[in-house]
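Every read-out reported here was derived from the displayed coordinates using simple, explicitly stated rules and does not represent laboratory data. Since this is a predicted model, take the numbers as computed values, not measurements. Here the Cβ is made from the backbone with ideal geometry for all residues, glycine too, and neighbour counts use every protein chain on show.
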Amino acid sequence: MAALQQTPITFQSRSPPPTQLITGTVAKLSFSGGLKLPKLTLKLRAKRTSRRGRGGGALGAKMADSAAGSYANALADVAKSNETLEQTTADLEKIEKIFDDDAVYDFFVSPIVSEEKKRELVDEIVSSTGIQPHVANFLNILVDMKRIELIKDIVKEFEKVYNTLTDTELAVVTSVVTLESQHLAQIAKGVQRLTGAKNVRIKTVIDESLVAGFTIRYGSSGSKLIDMSVKKQLEDIAAQLEIGDIQLAV
């Protein structure tokens with residue numbers, strides 16, 4: 001397997017230093033995949049620090065974005081060399097869903113959880129999702145280098161790299177209910193006409209507050225919005241009539 005490398009970052013797996021192991025019984029959580037997380041015996045601070053990086057404020061966020069971009073580019077280089085760019089993208093989507101669970105994210109970023117325990121959970125993730133070996137190795141490297149807190153930002157940055165390499169426009173479609181595949185295909189064609197992109201990739205989000213209809217967000221960082229929701233229509237009507245929010249009787 002090719003070593004993951006990206007200047008100025010060099011990815012090299014290393015043996016974990018001796019650390020304090022957490023104790024407690026293993027409790028099954030309800031998120032997808034049936035992963036098991038040891039129950040922490042120490043209470044974490046109620047007030048959480050920023051998850052964007054180790055620095056504070058705008059500078060910390062900028063540093064986190066820069067680091068996440070470097071990791072994402074390095075992983076993309078490996079995927080290109082292995083001709084697994086599409087599958088690596090699919091693997092990261094699986095990882096993104098797993099780390100959306102706060103219990104999983106908190107487990108990996110907790111300073112009281114040993115690297116050994118974190119690697120064990122990585123092994124469970126690999127076993128339950130079937131992600132590729134180089135992606136699994138990438139997760140272990142992030143654990144080793146204590147940069148796993150960047151995983152969500154890395155996924156977003158990788159998505160940008162993928163879209164650039166494949167001339168793909170990402171469109172996020174938000175609706176009250178799951179749309180049929182033919183409707184999503186029509187939306188994709190419409191976005192393609194608007195953007196001129198070679199490919200269009202659709203991500204779907206469910207939001208019941210829209211009442212009915214859907215929204216489409218695309219462009220750089222989702223800067224462009226097409227709002228076909230009933231919620232937006234009601235807001236427009238309310239604004240024109242200069243009345244408050246309209247509430248629908250259920």
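Table for the structure above
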{"read-out": "Stretchable slack from Gln87 to Ser110, in nm (0.36 nm times residue separation minus alpha-carbon distance)", "value": "5.3 nm"}
{"read-out": "Quotient of C-alpha Rg and 2.2 N^0.38 Å, computed over region 100-158", "value": "1.05"}
{"read-out": "Cα centroid separation, region 193-240 to region 75-101 (Å)", "value": "26"}
{"read-out": "Cα gyration tensor shape for region 80-194, rounded if a/c is under 1.5, else prolate or oblate", "value": "prolate"}
{"read-out": "Of Lys146/Lys203; Lys80/Lys189; Lys97/Lys232; Lys117/Lys224, those spanning more than 32 Å from alpha-carbon to alpha-carbon", "value": "Lys117/Lys224"}
{"read-out": "Label-point separation, Lys156 to Glu208 (7 Å along Cα→Cβ), nm", "value": "2.7"}
{"read-out": "Burial ranking of peptide ranges 176-183, 150-157 (average Cβ count within 10 Å, highest at the top)", "value": "150-157, 176-183"}
